Amino acid sequence: MSRPYDNIDANKLQRDADDCLLTYGTEFHPEIITASDGIYVETASGHRMMDFTSGQMSILIGHGHREVVGVISNHAKHLDHLFSGMISPPVISLAKRLTSAAPAGLDKAFFLSTGGESNEAAIRLAKFFTGKFEIVGLAASWHGMTGAALSAQYHSGRSGYGPNMVGSLALPAPNAYRSIFRHADGSYDWETELNYGFDLLDKQSCGSLAAIILEPILSSGGMLELPPGYLKAIKKHCDARGMLMIVDEAQTALGRAGDMFAFTHHPEDEGVVPDIVTLSKTLGNGIPLSAVLTSNRIAQHAKENGFLFYTTHINDPLPAAVGDKVLEIVIRDDLCARSARLGVRLQAGLKLLQSRYGCIGDVRGRGLMAGVEIVSDRRTKAGAPEVGKAVSDKMVQMDLWAQLATMASFGGVFRIAPPITVTEEQLDLALQIMEDALRTTPGTMPLYKTEQHAIDSDAMNMARL
């Protein structure tokens with residue numbers, strides 16, 4: 001069966017792209033992508049690569065999933081887009097399924113298009129409910145490119161565009177690998193760091209702290225996981241100041257990090273339910289879809305007082321039907337548990353590589369969501385972006401696409417996030433490709449003698465099991 005772009009003039013397309021496409025903050029991949037299926041993407045030249053970033057961290061259950069394709073086709077024919085004041089069966093079904101899967105206290109939902117849009121709505125809702133306007137973000141955060149979401153984002157994109165939103169304040173991002181806050185034994189002292197951060201917030205605030213927005217794992221910031229107990233401590237600080245807690249689960253929810261909702265993972269945070277949760281990316285499996293969930297109390301206040309967030313594509317039926325199918329599949333096939341199990345295998349394989357190559361300063365993450373930080377010196381933790389780039393290029397040549405974060409604020413971290421439908425064999429193959437790329441790239445600082453290397457896949461598999 002022929003595919004839409006099997007016979008194209010790639011050179012002409014590239015010239016047309018150079019002629020008419022506006023840049024938006026990233027270099028384009030050197031080849032034009034013409035096909036995707038399962039965990040693979042394919043270029044115009046026929047180069048087929050395993051997609052270990054799930055598109056833009058969104059393809060939760062694989063490109064071109066048969067059931068999702070069926071839903072899209074059916075709704076494109078019969079129920080695609082409606083007036084924003086109309087609701088439809090897939091919207092109601094998704095809201096019911098999503099709130100049923102969420103902890104009690106996340107009782108109402110509506111649906112938008114992008115993560116930035118859902119965070120914009122969440123921030124607006126928090127301001128409306130509290131009557132206050134100051135919003136706090138973490139210093140390595142990424143929440144989107146719209147006004148309030150961007151102002152609460154400190155990873156990148158703040159400078160060169162004039163003033164950000166008034167009332168934007170930052171807390172230090174928890175970074176167990178790099179933080180200067182340490183106990184006497186050298187272990188990470190996140191509690192002192194957090195308390196110090198809130199003390200600074202109190203000094204800066206004009207008395208109108210409305211909410212904090214944070215990710216359970218700061219993906220764009222370098223796959224930084226919130227420490228166990230961090231959310232409970234944050235909630236205590238918020239309650240003392242009359243603030244709401246917004247948790248942005250764009251990349252972490254629906255099994256990506258091994259739990260339906262990543263904020264529920266640590267026993268030390270048991271009982272903590274955010275006031276507002278946003279979802280996007282994983283919910284739509286690549287289709288533009290996001291969600292805002294909140295409590296009955298906040299929803300009732302919004303209804304009684306005329307909260308406004310009225311957009312063209314709010315509660316559209318076609319993307320809602322896709323989200324409903326994605327969530328159905330995740331629950332039906334127990335994909336959260338599968339992601340957690342394969343995540344153990346992935347982390348073990350990456351830590352094995354860390355034991356062999358001095359350029360790997362840190363391995364972190366949870367579920368099928370991992371970060372590998374590349375350094376030039378483990379003692380000083382100085383970054384090595386040129387080594388990371390060389391390893392990344394070699395991996396691409398070997399048919400594995402895993403994004404290397406090259407912005408200075410990333411610190412040179414590979415973000416690894418395959419579809420959670422990836423097989424053990426595909427995962428092992430990707431780890432072997434990473435091994436081969438590290439072994440054959442100058443500057444990776446092997447920690448073994450060349451003649452002793454001879455590492456076979458069986459040894460790697462045993463280490464991961």
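The values are calculated or read from the model by the stated rules, or taken from the named source; none is laboratory data. Owing to the predicted nature of the structure, the values given are computational and were not obtained by experimental measurement. Using ideal geometry, Cβ is built from the backbone for each residue, glycine included, and neighbour counts are taken over all protein chains shown. Each accessible area value is taken on the protein alone, full model and side chains, heavy atoms only, with ligands, DNA and RNA left out. Shrake-Rupley method; radii C 1.70, N 1.55, O 1.52, S 1.80 Å.
Only one of the numbered conditions (1) open to solvent by less than 40 Å² (accessible area, probe 1.4 Å); (2) under 24 Å from the mean Cα position of the chain (by Cα) is not met by GLU225, and that is (1).
The condition of being open to solvent by less than 20 Å² (accessible area, probe 1.4 Å), more than 25 Å from LEU335 (Cα to Cα) and hydrophobic (A, V, I, L, M, F, W, C) holds for only one of ILE416, ILE374, that being ILE374.
Matching residues to (1) part of a loop (DSSP other than H, G, I, E, B); (2) touching a residue at least 60 places away in the same chain (Cβ under 8 Å):
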residue	(1), (2)
PRO4	yes, no
ASN11	no, no
THR23	yes, no
THR26	yes, no
HIS29	yes, no
SER36	no, no
SER45	yes, no
GLY55	no, yes
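When residues in segment 179-207 are screened for being exposed (fewer than 15 other Cβ atoms within 10 Å of the Cβ) and of a type outside the set (Asp, Glu), 14 of them pass. In segment 71-177, counting only helices (runs of 4 or more DSSP H) that sit wholly within it, the ones holding 2 or more residues that are open to solvent by less than 40 Å² (accessible area, probe 1.4 Å) and in contact with a His (Cβ under 8 Å, 6 or more places away or on another chain) span 115-130, 147-151.
Is at least one residue of segment 309-331 open to solvent by 10 Å² or more (accessible area, probe 1.4 Å), acidic (Asp, Glu), within 28 Å of LEU79 (Cα to Cα) and part of a helix (DSSP H, G or I)? Yes: segment 309-331 contains one or more residues that are open to solvent by 10 Å² or more (accessible area, probe 1.4 Å), acidic (Asp, Glu), within 28 Å of LEU79 (Cα to Cα) and part of a helix (DSSP H, G or I).
Does at least one position in segment 230-253 carry a residue that is under 30 Å from ASN315 (Cβ atoms) and among the basic types (Lys, Arg)? So far as segment 230-253 goes, yes, one or more of its residues are under 30 Å from ASN315 (Cβ atoms) and among the basic types (Lys, Arg). Name the residues in segment 262-287 that are farther than 20 Å from GLY115 by Cα and in contact with a helix residue (DSSP H, G or I) (Cβ under 7 Å, 6 or more places away or on another chain), would you? Those that are farther than 20 Å from GLY115 by Cα and in contact with a helix residue (DSSP H, G or I) (Cβ under 7 Å, 6 or more places away or on another chain): GLU268, ASP269, VAL272. Answer yes or no as to whether ASP37 is crowded, with 17+ Cβ neighbours inside 10 Å and under 24 Å from the mean Cα position of the chain (by Cα). No, not satisfied. Scanning for something hydrophobic (A, V, I, L, M, F, W, C) and assigned to a loop (DSSP other than H, G, I, E, B), does segment 195-204 turn up at least one residue? No: zero hits.
Note on segment 288-306: residues that are open to solvent by 50 Å² or more (accessible area, probe 1.4 Å) and either within 16 Å of SER118 (Cα to Cα) or free of Cβ contacts under 8 Å to residues at least 12 places away in the same chain (or both) amount to 6.
Does segment 247-262 hold any residues that are in contact with a Ser or Thr (Cβ under 9 Å, 6 or more places away or on another chain), under 14 Å from SER280 (Cα atoms) and aliphatic (A, V, I, L, M), and which are they? Correct list: VAL247, ALA250, ALA253, LEU254, ALA262.
Here GLN56 meets each of (1) crowded, with 17+ Cβ neighbours inside 10 Å; (2) under 27 Å from the mean Cα position of the chain (by Cα); (3) within 23 Å of PHE110 (Cβ to Cβ); (4) not acidic (Asp, Glu) with one exception, condition (1).
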